[in-house]
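Have a look at the structure below, then the notes.
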Amino acid sequence: MTVSEFPDTQDKQPSIPISLTRVGVTGVKKLIKIKREDKRPIILIPTFDAFVDLPSTQKGVHMSRNPEAISEIVDEAANQSEIHLENICANLVKRLLEKHEYALHAETEARGEYIINKLSPVSKRKTQETTHIIARAIAMKDDEGNISVRKMIGAEVIGMTVCPCAQESVEKDSKDKLLEFLDEETTQKVLNVVTFASHNQRGVGTILLEVPEKQDVNVDDLIKIIQDAMSSPVCEILKRPDENRIVTNAHQNPVFVEDCVRNMVIGLLEKYPNLPDDSVVTIKQVNQESIHQHNAYAEKVASFGKLREENKE
């Protein structure tokens, strides 16, 4: 049977010759099974966005090539072990530039839920916790056709924070009341062993780390850094001893939203002392307030070189 050849309308000259920064597809869902040696495979269902730039001489992109490229790269990843989501994105942007010969810039992002297994702190009950991982990649093609790639991996994690300011106020009020019937020394002994109340927040911490294509970063490291930056991790299954442990530990480690971001900076510098200076990190913390209608927010965007300079100071 003869297959008819249809015209490529996209290759025509546009009536308005203006270039476009990003054209492509969003919301492409794929199932990815990442093999690991001596461990259960990781199952992800990320959502992909994929774009290329469009020159002023081209009416449109060949849109079907984007989901086609996503499918090809995901299928190839199924035969590899220990491949990371950001590396899938890096391979994808290179494939996009191969398929869109008129493009000089390609960009992709993948977001998905990532399930981690953990044990409750006291009763040691098995539980699964949901985090979110974000991967991006950008590819640029120069005049000689050489392609350079930058990739980014990130995580968004929920934890618990305790307000230091309110806790100090409660401690001061309690001390004044104790001094009405106890001496100073006894009062101080009581203050040293009592955990004081404060208002709590559900904290949402995010780290987005951009690195060269050949540099690998483990998303599990980022998740732990975010968890450790807050007053306490949270846990889906808690019996009473577990609940007591988490609440007590959190109130013994009160932090402002600003503290969380600074703690994440130190965690990254300690975990990745050899990352290149031009690696760029975005750190965000949102504390969902319990006694206000608004939320608290803090952010840091900097290169690793700049963070090292600030930390030395």
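Which percent of the accessible heavy-atom area of the chain goes to carbon and sulfur, probe 1.4 angstrom? Answer for the chain: carbon and sulfur cover 49 percent of the accessible area. Taken about its Cα centre, the chain carries a charge dipole of roughly 960 debye when the Cβ of each Lys and Arg holds +1 and the Cβ of each Asp and Glu holds -1. Taken about its Cα centre, segment 184-313 carries a charge dipole of roughly 340 debye when the Cβ of each Lys and Arg holds +1 and the Cβ of each Asp and Glu holds -1.
The calculated 222 nm mean residue ellipticity attributable to helices in the chain amounts to -10000 deg cm²/dmol, summing -39500 (n - 2.57) over DSSP H runs of n ≥ 4 and dividing by all residues. Comparing Leu104, Leu179, Leu275 in a Gaussian network model of the chain, where Cα atoms under 10 Å apart are tied by springs, the biggest mean-square fluctuation is seen for Leu179. What do you get for trypsin sites (Lys or Arg not before Pro) in segment 187-233 restricted to DSSP loop and a cutoff of at most 14 other Cβ within 10 Å of the site's Cβ? The qualifying sites are Lys214. The mean accessible area for residues of the chain, using a 1.4 Å probe and ignoring ligands and nucleic acids, is 57 Å² per residue.
Multiplying the sequence separation of Ile237 and Val23 by 0.36 nm and subtracting their Cα-Cα distance, what value in nm do you get? Kindly include the intermediate steps, with their values, before the conclusion.
On the way: separation 214, 0.36 × 214 = 77.04 nm, distance 4.40 nm.
Extra length available between Ile237 and Val23 comes to 72.6 nm.
Within a straight-line Cα-Cα reach of under 19 Å, Lys175 can be paired with the following aspartates and glutamates, leaving aside sequence neighbours fewer than 8 residues apart in one chain: Asp183, Glu184, Glu185. Residue by residue, segment 144-154 carries 3J(HN,Hα) couplings of 8, x, 6, 10, 10, 10, 10, 10, 9, 10, x Hz when phi is fed to the Karplus relation 6.51 cos²θ - 1.76 cosθ + 1.60 (θ = phi - 60°); x denotes Gly or Pro. Under a 5 Å amide H cut-off, with hydrogens placed 1.01 Å from N, Ala298 pairs with Gln285 among residues at least 5 apart or on other chains. Projecting the Cα atoms of Leu104, Asn274, Leu222 onto the charge dipole of the chain (Cβ charges, centred on the Cα centre) puts Leu222 farthest toward the positive pole.
In a DSSP loop and with at most 15 other Cβ atoms within 10 Å, the GluC sites (Glu not before Pro) in segment 109-168 are Glu144. The dipole here belongs to segment 52-197: it is taken about the Cα centre, uses +1 on the Cβ of Lys and Arg and -1 on the Cβ of Asp and Glu, and is about 440 debye. Full extension of the chain segment joining Asp142 with Lys172 gains 4.4 nm, where the gain is 0.36 nm per residue of separation less the Cα-Cα distance.
Phi angles across segment 278-287 convert, under the Karplus curve 6.51 cos²θ - 1.76 cosθ + 1.60 with θ = phi - 60°, into 3J(HN,Hα) values of 8, 5, 10, 10, 10, 10, 10, 9, 10, 9 Hz, Gly and Pro given as x. In sequence order, segment 303-309 has phi-based couplings of 7, 5, x, 5, 4, 5, 4 Hz under the Karplus curve 6.51 cos²θ - 1.76 cosθ + 1.60, θ = phi - 60°, and Gly or Pro positions carry x.
The values are calculated or read from the model by the stated rules, or taken from the named source; none is laboratory data. Since we're looking at a predicted model, the values are computed, not measured. Glycine gets a Cβ as well: all are built from the backbone with ideal geometry, and neighbour counts include every protein chain shown. Just so you know, the surface numbers come from the protein's heavy atoms only, side chains and all, with ligands and any DNA or RNA stripped out. Shrake-Rupley method; radii C 1.70, N 1.55, O 1.52, S 1.80 Å.
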